[in-house]
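Participant: This is the structure I want to talk about, given as structure tokens.
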Amino acid sequence: MITKRISTNDILKKLNTKVTERKPIMISSAGNGLVAKLLEEAGADCINTFSGARLRANGMGTMSMMWPILDSNQQTLDYTREDIMPALRGEAFVCACLNSNDPLKDMRMVIKDCQGMGVNSVSNIGPSISYVDKDSEIFRVLSSSGITLQNEINMLCLAKEMNMVTIGLAFSEEDSVAIVEGAKPHIFCYHAGTTKGGRTGYDKGQTIEKTAEQTEDVFRKIQELHPDVILVGHGAAMENPPDAQYMLDHTSSHGFWTGSSTERLPIERAVTEVAEKFASLKFSN
């Protein structure tokens, strides 16, 4: 198996061309090779890998990656190298979401591992401290332990220096501004919250209208700081294609990031429907 490599220059050229031509950019997470292959064939521009996607593919909620049940970076590196890269034809580039706050790894070496397997893009959501509410005790404890957003910003800056395509991501306006000011990523994704729907989704009652409004408020501030950044929206009430269309129509977004909406949710529906039909079969006599 020889996996086709995509250069950083080619990635950025393709993305900027789509922005100029007003064609939506599609970033999609994949927890296994089959999903990655199908997403690439369907037209995804970027396949995103992270420990949460792998856990999600095994039936757990994405946010289970926040619990210390695994070495997040090692899981991401292993399944990206063994499951994702060999499954792709080289039409979509791969972005590995890294845990920049890993106390046991030099992030320069982790990024070199990514480059060695043909991954030319990284993000800071693997997981990110931005997931954690600022007014919580756990946030204060984590921060005092050295788990900080600044480490994520530093990793994105380092990756850019190492000629990687960088994707910054944050859950709040404050963190969004900090990441864009500090790292100037090529792409910025505002994460409006865990995607609702299905067995392990989380529905906080937010409508797609509110998701778009909240996202656009952040995008406007981001564009003031970094006019050339590529913007994508993700999460919360953006559950299906009509929701994504609403986001495109009502925000400054250049595209969207799908996770559960093109992975967990369609798999749950399709497998359940077919399996129930098989399970209902009876002998004719």
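Participant: Work out from phi, with θ = phi - 60° and the Karplus expression 6.51 cos²θ - 1.76 cosθ + 1.60, the ³J(HN,Hα) of each residue of the range 23-34, listed in order in whole Hz, and give x for Gly and Pro.
Facilitator: For the range 23-34, the Karplus curve yields 10, x, 8, 10, 10, 9, 7, 9, x, 7, x, 4 Hz.
Participant: Return MET1, MET155 ranked ascending by Cβ neighbour count within 10 Å, so the fewest neighbours appear first. Display every interim value, and only then the final one.
Facilitator: On the way: MET1 5, MET155 25.
Placing the least packed residue first, the sequence is MET1, MET155.
Participant: Taking θ as phi - 60°, what are the ³J(HN,Hα) couplings along the range 94-104 by the Karplus curve (6.51, -1.76, 1.60), each to the nearest whole Hz, with x for Gly and Pro?
Facilitator: These are the phi-based 3J(HN,Hα) values: 10, 10, 9, 8, 10, 8, 5, 9, 5, x, 9 Hz.
Participant: What are the residues whose amide H is under 5 Å from the amide H of ALA170, where those residues sit 5 or more places off or on another chain and H is modelled from the backbone?
Facilitator: Here the answer is CYS189, HIS191, since their amide H atoms fall under 5 Å of that of ALA170.
Participant: Hey, what number do you get for the chain at 222 nm if only DSSP H runs of n ≥ 4 count, each worth -39500 (n - 2.57), divided across all residues, to the nearest 500? Present the calculation step by step, with values, prior to reporting the outcome.
Facilitator: Working: 11 runs with 124 residues, N = 285.
Rounded to the nearest 500, it is -13500 deg cm²/dmol.
Participant: Please work out how much length the chain gains when fully extended from LYS210 to ASN16, using 0.36 nm per residue of separation minus the C-alpha to C-alpha distance, in nm with one decimal. If you can, show how the numbers build up before the last one.
Facilitator: Values: separation 194, 0.36 × 194 = 69.84 nm, distance 2.83 nm.
Here the answer is 67.0 nm.
Participant: A further question on this structure: Let me spell out the model: positive unit charges on the Cβ of Lys and Arg, negative unit charges on the Cβ of Asp and Glu, origin at the Cα centre of the chain. What dipole size does that give, in debye rounded to 20?
Facilitator: Values: 29 positive and 36 negative charges, 151 e Å.
The dipole magnitude comes to about 720 debye.
Participant: Ok, one more. What is the helix-to-structure angle for 107-116, meaning the angle in degrees between its Cα long axis and the longest Cα principal axis of the chain, kept from 0 to 90 and rounded to the nearest 10?
Facilitator: Relative to the chain, helix 107-116 is tipped by roughly 50 degrees.
Participant: Could you sort the peptides 91-97, 6-12, 132-138 by per-residue average Cβ neighbour count (10 Å cutoff), highest mean leading?
Facilitator: On the way: 91-97: 25.1, 6-12: 15.7, 132-138: 11.0.
Listed from highest to lowest mean packing, they are 91-97, 6-12, 132-138.
Participant: Just want the ordering: VAL165, VAL177, from fewest to most Cβ atoms lying within 10 Å of their own Cβ.
Facilitator: In increasing order of surrounding Cβ atoms, one gets VAL177, VAL165.
Participant: Once both axes come from the Cα atoms, what is the angle between helix 173-183 and the longest principal axis of the chain, in degrees from 0 to 90, rounded to 10?
Facilitator: 60 degrees
Participant: So how strong a dipole does the range 1-122 carry about its Cα centre when Lys and Arg Cβ are +1 and Asp and Glu Cβ are -1, to the nearest 20 debye? List each step's numbers first, then the result.
Facilitator: Details: 15 positive and 13 negative charges, 72 e Å.
So the dipole magnitude of the range 1-122 works out to roughly 340 debye.
Participant: Rounded, prolate or oblate, given the Cα gyration tensor of the range 211-285, with a/c below 1.5 counting as rounded?
Facilitator: Working: a/c = 5.22, a/b = 4.23, b/c = 1.23.
Prolate.
Participant: Right, here's the next one. Which residue, chosen from VAL274, SER261, LEU231, occupies the Cα position most advanced towards the positive end of the dipole of the range 209-285, where the dipole is computed from +1 (Lys, Arg) and -1 (Asp, Glu) charges on Cβ about the Cα centre?
Facilitator: VAL274
No value in this document is a laboratory result; all are computed from the given coordinates. Since this is a predicted model, take the numbers as computed values, not measurements. Cβ coordinates were reconstructed from backbone atoms using ideal geometry, including for glycine residues, and neighbour counts include every protein chain displayed.
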